[in-house]
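Single-structure report; data block below.
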Amino acid sequence: MTHMSSYEVVVVGGGTAGLSAALVLGRARRSVLVVDAGEPRNAPAAHMYGVLSRDGMPPGAFLAEGRREVRAYGGEVVQGRVTAVRPDGETGSQGEFEVTLDDGRSVHARRIVVATGLVDELPGLPGFAERWGRDVLHCPYCHGWEVRDEALGVLASPVMGAHQALMVSQWSKDVTLFLHTVRELPDQEWRRLAAAGVSVVEGEVGGLVVEDDQLTGVRMADGRVFPRTAMFAAPRLVPRDTLLTALGAETQDTPLGPYPAVDPTGLTSVPGVWAVGNAAGPMEQVVNAASAGYRAGAAINGELLFSDLDRSAPDGTDGQAVSG
Ligand SMILES: Cc1cc2nc3c(=O)[nH]c(=O)nc-3n(C[C@H](O)[C@H](O)[C@H](O)COP(=O)(O)OP(=O)(O)OC[C@H]3O[C@@H](n4cnc5c(N)ncnc54)[C@H](O)[C@@H]3O)c2cc1C
């Protein structure tokens, strides 16, 4: 039998949420391994905004600093992909796991944090993927300020309807909503669009016009072109939850589809397994993901502490102090 490395906690995913959990755990003197495939969601964006004291920092530099901080407390951060998390058959203890990496290595973990993020499934229109995070945007809180007062377009989405266009109208008075495949809007949305001064274009969008590496317009399927310098679109937000579903974790329905069911600390329905950040919620921005990681890290430290104390408490002490 080969000896398996053992950690108190393995964190799957080294984005903001996972590194934040690892930082708290390392500072609580827990042994932590972070396995990270290195594809954070905001990688296509050159700058990250709305993060107090780090506003405008490149996302890659932010995570590099996070890895440095985790390592300073003894945490290990490795590049790789976790392919499976299974209950550890050898120890047989509830909440203990065998974690398999894509290099074939397996490690033992007492607790698991799944911080794998989500996948943005973009509208399959020409140009959207290439411009994603640059001048095709999804979140006005992240990048609205940078395109304020510009000629903005919004692609209506079957789930969000006109909501995004109404939000974006806070950042510019020149907003056009492209209905694309959305055929109907509620009367209230039409009234709000009129009140916000949002223009509405019916008909399907065919793609984007890009000149000198800059978005200049939206081309309709019928050939019409509307000059626009930035476009907002709502991707389908799909959690990377295959490790959780394989463990039998329950999901809950959200307006954006099923997400892992978690308690306020991120604990899933599987004892010993936490899910944080975008893996557990589609609306988590960087600071929220960091906060979720922190909460999970603190909860795991407490849970390990008390479960170990309860296991090792001498019989017959009946809650009284054993020394003194
Ligand atoms: C284009 C764009 C721009 C954005 N800009 C901003 C902004 O300006 N401000 C802001 O607050 N938010 C922004 N966001 C949102 C931000 O990206 C998320 O809030 C944040 O990334 C969530 O952190 P996370 O740790 O949950 O997930 P992620 O950052 O996505 O990290 C998850 C990590 O887990 C890894 N992983 C996945 N599966 C595995 C596996 N099986 N094994 C090992 N590793 C795995 C991934 O490779 C990735 O590195 C933006 C999002 C997008 C799409």
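The values are calculated or read from the model by the stated rules, or taken from the named source; none is laboratory data. Remember, it's a predicted structure, so these values are computed and weren't measured experimentally. Here Cβ is always computed from backbone atoms with ideal geometry, including for glycine, and neighbour counts include all displayed protein chains. Areas reflect the complete protein model, heavy atoms only, side chains present, ligands, DNA and RNA absent. Shrake-Rupley method; radii C 1.70, N 1.55, O 1.52, S 1.80 Å.
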R0 of 45 Å, Cβ-Cβ distance D102-D187: FRET efficiency to nearest 0.05
0.30
C-alpha center-to-center spacing [segment 117-139, segment 1-38] in angstrom
30
Tell me the relative contact order for segment 41-84 as a rounded percent, counting alpha carbon contacts under 8 Å between residues six or more apart.
22
Quick one: length gained pulling T242 to E121 fully straight, 0.36 nm per residue minus the C-alpha distance?
41.9 nm
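Nearest 500 deg cm²/dmol is fine: what mean residue ellipticity at 222 nm does the chain get from its DSSP H runs of n ≥ 4 alone, each adding -39,500 (n - 2.57), divided by its residue count?
When only DSSP H runs of four or more count, the value is -7500 deg cm²/dmol.
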Based on the Cβ-Cβ distance of A221 and R29, what FRET efficiency does E = 1/(1 + (r/R0)^6) give at R0 = 51 Å, to the nearest 0.05?
0.25
Kindly report the accessible area of segment 31-103 per residue (heavy atoms of protein chains, probe 1.4 Å, no ligands, DNA or RNA), in Å².
54
About the Cα centre of segment 137-233, what is the dipole size in debye to 20, counting +1 per Lys and Arg Cβ and -1 per Asp and Glu Cβ, all else neutral?
260
Ordering of 177-188, 137-148 by packing [mean C-beta count within 10 Å, highest first]
137-148, 177-188
Return the single residue from T254, T268, T16 with maximal mean-square fluctuation; model: Gaussian network over the chain, springs between Cα atoms under 10 Å.
T254
If you take the square roots of the eigenvalues of the alpha-carbon gyration tensor of segment 135-244 and sort them as a ≥ b ≥ c, do you get rounded (a/c under 1.5), prolate (a/b over b/c) or oblate?
rounded
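Rounded to two decimals, what is the ratio between the C-alpha radius of gyration of the chain and 2.2 N^0.38 Å? Can you show the working numbers first?
On the way: Rg = 23.3 Å, N = 324, 2.2 N^0.38 = 19.8 Å.
Relative to the rule-of-thumb radius for its length, the chain sits at 1.18.
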If you average the sequence gap of Cα pairs under 8 Å that are 6 or more apart and divide by the length of segment 89-243, what percent do you get for the contact order?
27
Gyration tensor verdict on segment 14-125 (Cα atoms; rounded if a/c is under 1.5, prolate if a/b is larger than b/c, oblate otherwise)
oblate
Be a star and scan segment 271-287 for residues whose amide nitrogen sits under 18 Å from the point 7 Å along the Cα-to-Cβ vector of Q252.
271-285
Toward the positive end of the charge dipole of the chain, about the Cα centre and with charges on Cβ (Lys, Arg +1; Asp, Glu -1), which of V182, V113, T216 goes farthest?
T216
Calculate what fraction, in whole %, of the accessible area of the chain sits on carbon and sulfur atoms when a 1.4 Å probe is rolled over the protein chains.
52
